[in-house]
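Notes to accompany the following structure.
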Amino acid sequence: MTIETARNSHPIYFIGAFATGGLLTFMVHLNGELARYGNALFSSWTAHGTGIIAAVILLLVLRRRAPMVEKTAGAPWWAYLGGVSGAATVILTSTAVNSPLGLSGTLALGLAGQVAFSLAADSWGLFGLPKRRPDMQDIAALGLVVTGGALIILFGRGAA
């Protein structure tokens with residue numbers, strides 16, 4: 001996507017992305033609470049169990065309303081690894097949020113990891129993405145995210 005395309009995107013995409021960040025924060029907090037009262041594995045099982053129930057209900061509702069769609073080719077093998085990475089993410093964030101990092105530190109480092117991995121995926125063309133070399137703006141954005149995360153972790157939470 002070019003800068004011009006991003007500027008001309010419909011605002012609902014930006015609102016949706018921002019709302020997703022808020023939901024992610026809420027999810028990490030709730031999973032951390034489950035891990036605090038149980039353990040990280042219990043937190044992951046609970047999150048994914050309720051997700052399965054919600055998905056089945058949604059599929060049953062949509063199946064009655066949605067028109068039949070023709071079958072397409074199967075997903076690539078690596079697309080099925082999302083569940084594994086999701087379970088690992090819940091376990092690791094549930095553990096980290098209950099550490100001295102807290103919620104904001106966990107999310108700040110998580111965001112830095114997401115940006116770094118996405119730049120690597122773009123650069124190497126992972127998962128069928130078109131290869132795109134990171135430019136100086138991408139590197140600067142990663143630097144700002146890492147710097148912001150460091151400020152939150154080192155000087156946040158009422159440190160005097």
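Given the conditions (1) surrounded by 10 or more Cβ atoms within 10 Å (Cβ to Cβ); (2) assigned by the TED database to the domain that holds L151, and given that T95 satisfies all but one, which numbered condition is not satisfied? Against the list (1) surrounded by 10 or more Cβ atoms within 10 Å (Cβ to Cβ); (2) assigned by the TED database to the domain that holds L151, T95 comes up short only on (2).
Here T106 clears all of (1) outside the structural domain of N31 (by the TED database); (2) open to solvent by 80 Å² or more (accessible area, probe 1.4 Å) except the condition numbered (2).
Check whether at least one residue in segment 67-86 is surrounded by 13 or more Cβ atoms within 10 Å (Cβ to Cβ), assigned to a helix (DSSP H, G or I) and β-branched (V, I, T), and report yes or no. So far as segment 67-86 goes, no, none of its residues is surrounded by 13 or more Cβ atoms within 10 Å (Cβ to Cβ), assigned to a helix (DSSP H, G or I) and β-branched (V, I, T).
Kindly indicate whether I139 is β-branched (V, I, T) and at pLDDT below 90. No: the conditions fail for I139.
Output yes when any residue across segment 115-126 is of a type in the set (A, V, I, L, M, F, W, C), touching a helix residue (DSSP H, G or I) at 6+ places or on another chain (Cβ under 8 Å), assigned by the TED database to the domain that holds G149 and not in a helix (DSSP H, G or I), and no when none is.
Initially, segment 115-126 is screened for residues of a type in the set (A, V, I, L, M, F, W, C), giving 115-117, 119-121, 124, 126.
Cutting the leftovers down to touching a helix residue (DSSP H, G or I) at 6+ places or on another chain (Cβ under 8 Å) gives us 115-116, 119-121, 126.
Those left that are additionally assigned by the TED database to the domain that holds G149: 115-116, 119-121, 126.
Then drop every residue that is not not in a helix (DSSP H, G or I), which leaves none.
No: segment 115-126 contains no residue that is of a type in the set (A, V, I, L, M, F, W, C), touching a helix residue (DSSP H, G or I) at 6+ places or on another chain (Cβ under 8 Å), assigned by the TED database to the domain that holds G149 and not in a helix (DSSP H, G or I).
Pairing each residue of segment 16-39 that is basic (K, R) with any residue that is in a helix (DSSP H, G or I), provided the two are 6+ apart or on different chains, yields C-beta distances under 9 Å for R36/S43; R36/S94; R36/V97.
The values are calculated or read from the model by the stated rules, or taken from the named source; none is laboratory data. Remember, predicted model here, so these are calculated numbers, not experimental data. A quick note on method: Cβ atoms are made from the backbone with ideal geometry, for glycine too, and the neighbour counts reach across all protein chains shown. Ligands, DNA and RNA are excluded from the accessible area calculation, which covers all protein heavy atoms including side chains. Shrake-Rupley method; radii C 1.70, N 1.55, O 1.52, S 1.80 Å.
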